[in-house]
Amino acid sequence: MAPTDGRLNVGIRVPACRPVTEVATFLGEVEDAGFAFAGLLDSQLVTRDVFATLTAAAGATDHLGLWTSVLNPVTRHVSVLAGASATVAESAPGRTVFVVGSGYSSTATIGLPPATVHTMRTEITRYQALLAGEEVAFEGTRSRLAFAPDRRPPVYVAATGPRMLEVAGEVGDGVLLAPGLHPSMVDRALEHVATGAERAGRDPGSIDVVLYVRTIVDDDRTAAREAARPVCAQWIADDYRAEWLRRAGIDVPARESLPDELFALYPDIVHAEDAEAAARATAFISDDLLAEVCDALGVIGTADDAVDKLTGLTARGIQDVYLMTPDTYTLPTRIVEVFADTVLPALSAAR
């Protein structure tokens, strides 16, 4: 996103967990609350179709940025992604951003591995070319998108690991930076983005940076942390995520010491359908470790905590944040209300 006058642009993840018209109406409320953009996840067996929902949302909103968060090049062929993206962009000109990642619940629920670094680099490049109206080589043929937008919409890369962060620097118009909120995490992640950009002969400063902020807000800080147990467990369980926690100085238990039931949650740890099973599987995290991980990952606490943490980001060069709430099967109504009533006005007053 373009630089602002010092104001923090705040977006929020919204799952299409309800009928399309209901989600579109909710996105109108997100716009009215003062958010700059909203991102809809793409997980074909968990939520409604992202492109159908965004098209409906285009008619229910006037200026809200409409993002995919995130697409992947595994469950949809890149030509299908391009055609669907161009259709949404046509419905909301100048308001769309298409974020691509390697796949998580979307690939796991059908037994496929996430996209490799090579696949991400190749397919994002072809995706951008198709959206720009250029001819692209496929298996034994060359084709182009007949209805490419007059202006190619931005394509961002969602990245957590070092190699994917470098891919974002190489080919992305922007990066959804997802290693956490701790300064050491953010600084190191930006170094990887810069490495990729310089390798590709690009100016690192030309790449938009959006900080992915895991967000749970409650009147009771302890309750907010308890609600964050699944995401904290995911970060402890995934080796490449755990390395980011260690970078923040956190002593993370070894993967082999974790309970087997943690890895049996469906469809995965952070989207678990059975909340009671998730609570049992994540009980191994001590209160002290939980507090450390929550503090490193994002805004997990009270509304005042959210204001304190987010206010300082612009001084660190961050102007765009994307709130990742734990909501998958419900709309993030409470977070939208708290930010509309308290956090967004406080951030605006602080600039």
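Here are the numbers for the structure shown:
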quantity	calculated
Only listed residue being touching a helix residue (DSSP H, G or I) at 6+ places or on another chain (Cβ under 7 Å), within 30 Å of LEU45 (Cβ to Cβ), touching a residue at least 40 places away in the same chain (Cβ under 8 Å) and in a loop (DSSP other than H, G, I, E, B), chosen from ILE269, ILE285, ILE250	ILE285
Selection count where residues are in a loop (DSSP other than H, G, I, E, B) and farther than 13 Å from GLY301 by Cα, scope the stretch 192-240	6
Residue in the stretch 136-186 that is surrounded by the most Cβ atoms within 10 Å (Cβ to Cβ), counting only those that are within 21 Å of GLY196 (Cβ to Cβ) and among the hydroxyl-bearing types (Ser, Thr, Tyr)	TYR156
Any hit, the stretch 18-27, residues being at pLDDT below 95, charged (D, E, K, R) and under 26 Å from PHE339 (Cβ atoms)	no
From THR342, THR325, THR302, residue being crowded, with 16+ Cβ neighbours inside 10 Å, polar (S, T, N, Q) and under 26 Å from LEU190 (Cβ atoms)	THR325
Criterion (buried (at least 21 other Cβ atoms within 10 Å of the Cβ) and outside the structural domain of ALA178 (by TED's automatic domain parsing)) met by exactly one of ALA197, ALA228, ALA264, ALA242	ALA228
Residue tally, condition β-branched (Val, Ile, Thr) and either in a loop (DSSP other than H, G, I, E, B) or modelled with pLDDT under 95 (or both), over the stretch 317-343	4
Residues that are among the polar types (S, T, N, Q) and either surrounded by fewer than 20 Cβ atoms within 10 Å (Cβ to Cβ) or out of contact with any strand residue (DSSP E or B) (no Cβ under 8 Å at 6 or more places or on another chain) (or both), drawn from the stretch 305-322	THR311, THR314
Of the criteria (1) among the hydroxyl-bearing types (Ser, Thr, Tyr); (2) in a helix (DSSP H, G or I); (3) within 17 Å of VAL155 (Cα to Cα), which one THR55 fails	(3)
Residue under evaluation ALA346, criteria (1) aliphatic (A, V, I, L, M); (2) outside the structural domain of VAL213 (by TED's automatic domain parsing); (3) in a helix (DSSP H, G or I), criterion not met	(2)
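The values are calculated or read from the model by the stated rules, or taken from the named source; none is laboratory data. Just so it is clear, the structure is predicted and the values come from calculations on it, not from any experiment. Ideal geometry is used to build each Cβ from the backbone, glycine not excepted, and the neighbour counts take in all protein chains shown.
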